[in-house]
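Let me begin by presenting the structure, written as structure tokens, before commenting on it.
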Amino acid sequence: MDKDKHRKSNVSVAVIIPAYNAEAHLEQAVKSARAQSLTPEEIVVVNDGSSDRTAEIAEDLGVKVLSRSNAGVSAARNSGIGMTDCEWIAFLDADDVWEPDKLERQFSAINAHPQAGLVTTDFCQFNDEGEIVHASFLSQDGRYASIVKKKLGDKLSLIQESSQGFSNGGYFLVPSAVVVRRALVRKAGLFDESLRYAEDLEFFLRVLKYTPILVVEEPLVRYRVHGNNASNDRLKMALGVLATTDRIFSSPERYESDATVYAQSLERRNIPIAGRELLEIGEFAEARRVLSRRFGVGMGLRSFSLWLSAVLGPMPFHFALSLKRKLSGKRK
């Protein structure tokens, strides 16, 4: 490493990398953390019970390594947090990559606006061939523009009412883009290890009770899109989001003030997804249970039609599905 290209960090920041069977991408992730123009104090790889060469690769890279039995990404992140005393925590998934000035840009923003205890960035999405799929998540469909925020500079904004903003403009936080003050993690609590999907969403909604968000509006993270992403399983992801909304509804005082409003919008989007996926695999009783969550209270036409299909049983549902596919084929 050419040390002249990097300067020692004047902040205490640890990079936490949870890794499960990550031999294909871990080295690239770690090297991107090491190549930061603002050098992190620690890089911690948590090997979450991998059966491949993940632990060996991490050891060869000379970073701090913790190997533990497989317990999921939340437990791995929590273990990593417990291994460091750094003032700031930066998350990096083992298949993602940072741009060289990512940390420097974030801490420049924090130094200018110390009231914020969490700073995130825009990110691009790329595939395993290295091709950019979306150059900027924040601008790809215009949703981010609808969030109420205070412009602090050409590429920097501050968001005070985060959950309300998410409801209006869509959720935009990914762990690999976030740096958060450790004191806020202690105050809000660690990741919920019982959640296997949308666990980061639930965690950040707790943290955001105590801090506004600084957003560096530049794609300083490359988020890898591939078949192993947890979010690719539509049914599990939708049910995971609904488990998260249950947490919010049961203990709203733990979350940012508008979190229940955001949770309601999440329910409206994910109930029909989960219901349809359950119907397609023949789980009609479970589909009825899920689709009845908002029965009579804000149930849209789509959810009602799916609920009716779940009540009537498989024959009418498959007939309607077959008819819809035939009609769709004729339109092409």
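Overview of results
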| item | result |
| --- | --- |
| Per-pair calculated FRET efficiency, R0 = 41 Å: S292 and K151 via Cβ, rounded to 0.05 | 0.40 |
| Among H226, V216, Q160 the positive-end extreme of the charge dipole of the stretch 3-230 (Cβ point charges) | Q160 |
| Sorted by Cβ neighbour density within 10 Å, fewest at the top, the residues W88, W98 | W98, W88 |
| Backbone HN-Hα couplings from phi across the stretch 27-38 [Karplus 6.51/-1.76/1.60, Hz, Gly and Pro as x] | 4, 5, 5, 4, 5, 5, 6, 5, 7, 5, 5, 10 |
| Overall form of the stretch 3-230 per C-alpha gyration tensor (a/c, 1.5; a/b vs b/c) | rounded |
| For L156, distant residues with modelled amide H under 5 Å away | E217 |
| Where labels lie 7 Å past Cα in the beta-carbon direction, separation of V11 and D246 in nm | 3.7 |
| Relative exposure of E280, E202, E286, judged by other C-beta atoms within 10 Å (fewest first) | E280, E286, E202 |
| Net charge over other residues, Cβ less than 13 angstrom from the Cβ of A243 (K, R count +1; D, E count -1) | -2 |
| Gyration tensor verdict on the stretch 46-144 (Cα atoms; rounded if a/c is under 1.5, prolate if a/b is larger than b/c, oblate otherwise) | oblate |
| Integer Hz, Karplus 6.51/-1.76/1.60 couplings in order for the stretch 81-86, x for Gly and Pro | 4, x, 8, 10, 10, 4 |
| The stretch 121-146-the stretch 236-284 distance, computed between alpha-carbon centres (Å) | 25 |
| Qualifying GluC sites (Glu not before Pro) in the stretch 8-96, DSSP loop, other Cβ atoms within 10 Å at most 14 | E87 |
| Other-chain or far-sequence residues with amide H under 5 Å of V221's (modelled H) | E99, C124 |
| Local net charge near R181, Cβ-Cβ under 14 Å (Lys/Arg +1, Asp/Glu -1) | +3 |
| Computed over the stretch 3-230: relative contact order in percent, which uses C-alpha pairs under 8 Å that are six or more apart | 24 |
| ³J(HN,Hα) computed for each position of the stretch 209-217 - Karplus, 6.51 cos²θ - 1.76 cosθ + 1.60, integer Hz, glycine/proline x | 5, 10, 7, x, 10, 8, 10, 7, 8 |
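The numbers here are math on the coordinates, done by the rules we state, and not lab data. Since this is a predicted model, take the numbers as computed values, not measurements. All Cβ positions, even for glycine, are placed from backbone atoms using ideal geometry, and neighbour counts span all protein chains on display.
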